[in-house]
1. Within the range B:9-66, track down each residue that is farther than 30 Å from B:Ala84 by Cα, among the aliphatic types (A, V, I, L, M) and facing chain A (nearest Cβ under 8 Å).
2. Can you name the condition, by its number, that B:Ala129 falls short on among (1) among the small types (Gly, Ala, Ser); (2) part of a helix (DSSP H, G or I); (3) over 19 Å from B:Lys57 (Cβ atoms)?
3. What about B:Gly36, is it at pLDDT below 95 and surrounded by 21 or more Cβ atoms within 10 Å (Cβ to Cβ)?
4. Which one of the conditions (1) in contact with a Leu (Cβ under 6 Å, 6 or more places away or on another chain); (2) more than 8 Å from chain A (Cβ to nearest Cβ) does B:Ala105 fail to meet, given that it meets all the rest?
5. Quick one: how many residues across the range B:122-163 are under 30 Å from A:Glu27 (Cα atoms) and either of a type outside the set (Lys, Arg) or at pLDDT below 95 (or both)?
6. Taking the condition at pLDDT 95 or above and either more than 9 Å from every other protein chain (Cβ to nearest Cβ) or assigned to a loop (DSSP other than H, G, I, E, B) (or both), does B:Ile96 pass?
7. Filtering the range B:132-178 down to residues that are on the phi > 0 side of the Ramachandran plot and not in a strand (DSSP E or B), which residue is surrounded by the fewest Cβ atoms within 10 Å (Cβ to Cβ)?
8. Can you name the condition, by its number, that B:Ser43 falls short on among (1) part of a helix (DSSP H, G or I); (2) within 27 Å of A:Glu4 (Cα to Cα)?
Protein chains: 2
Amino acid sequence: MGFEDILHVIKGRRSIREFIDKEIPREHLTKIVEAGVWAPSGSNIQPWEFIVVDDVKMIEKVKLVSPGLFGNPKALIVICVNRAKYERGGSQGRLIALMDASMAAQNIMLEAYSLGVGSCPIASFNKLAVKELLKIPEHVEPVLIISLGYPSKWPDPPKRRPLKEVVHLNEYGRPYEG
Amino acid sequence: MGFEDILHVIKGRRSIREFIDKEIPREHLTKIVEAGVWAPSGSNIQPWEFIVVDDVKMIEKVKLVSPGLFGNPKALIVICVNRAKYERGGSQGRLIALMDASMAAQNIMLEAYSLGVGSCPIASFNKLAVKELLKIPEHVEPVLIISLGYPSKWPDPPKRRPLKEVVHLNEYGRPYEG
């Protein structure tokens, strides 16, 4: 098996909030959503549901109830967790489902970037309104919206806390020497 | 900017629970933890802290309090969220911090795989005991442990719910045609 370091892909991804007027090929959209399905999942429960929104009018409606959604993306992927899948997991169930769904979201954003498609994760939206718009049943909860489209530009990297501040070795507060 | 589809990397990653006795080069461990720092973060808060555990005795101690930790990994990355970073975010703050940390975890596991290193995300561990072992302060909460090492083999892919079951188009229950 040949391995290839993808750190440049992970570091290159940016959150995109301005998009140009160019369609995403359907086969790329399919690859992007397929990436989500391959996230790890606690006990392989796979609590996720993905709603692809590519209808322009529906995107506009979702934007109206989503303060965190900027620009004119060509598609949205609404990431949901399905309570019927995780409720047997007890109090930890929903937490692990949220983690699974977030890992799926990261797969989606990295795969998008690797195809030249910009994305942004959005947590600030009216859940009840989105549920009603997309006819999401009671036991399914939208937790993140990923906007997708070609960026008008790739922004500079955001400032990041330095490694020496966030990475510790064998105990908290002991510096990690890279 | 040249883009390269990484879907094979995303689909190739596996959760690994048996490791061979081979050290991870320090420069690879550094790349793996650096990948975590480049996850998206709501309002760029970066609520994460990463504790790299490579001391064999400490790994053994963490194993004793972590029912979900299998095999003999060469390193652990304990992913924490720092309440001091997210508490101004109100009730949504911790939730978004958990999502950020989970996306960082996925970056870590994908980067590891891309370097040939196996990993497994572990949510089943005694948080209080891990806090005590690693001298984690009160306001910092370990949420996931990632085990790392070279696998004794790459397992077959786990069964996944088919795309036509988990992907919906423009409304829940309406099939997405790939």
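1. Across the range B:9-66, the qualifying residues are B:Val9, B:Ile10.
2. (3)
3. Values: at pLDDT below 95: no; surrounded by 21 or more Cβ atoms within 10 Å (Cβ to Cβ): yes.
Taking the combined requirement at face value, the residue does not satisfy it.
4. Every listed condition holds for B:Ala105 apart from (2).
5. Narrowing the range B:122-163 to residues under 30 Å from A:Glu27 (Cα atoms): B:154-163.
This time we only want the ones that are either of a type outside the set (Lys, Arg) or at pLDDT below 95 (or both), so: B:154-158, B:162-163.
Final tally of qualifying residues: 7.
6. Working: at pLDDT 95 or above: yes; either more than 9 Å from every other protein chain (Cβ to nearest Cβ) or assigned to a loop (DSSP other than H, G, I, E, B) (or both): no.
Considered against the rule, which asks whether it is at pLDDT 95 or above and either more than 9 Å from every other protein chain (Cβ to nearest Cβ) or assigned to a loop (DSSP other than H, G, I, E, B) (or both), B:Ile96 comes out as no.
7. The residue in question is B:Lys135.
8. With (1) part of a helix (DSSP H, G or I); (2) within 27 Å of A:Glu4 (Cα to Cα) applied to B:Ser43, the lone miss is (2).
The values are calculated or read from the model by the stated rules, or taken from the named source; none is laboratory data. Everything numeric here is computed off the predicted structure, so don't read it as measured data. Cβ atoms come from the backbone with ideal geometry, glycine included; neighbour counts cover every protein chain shown.
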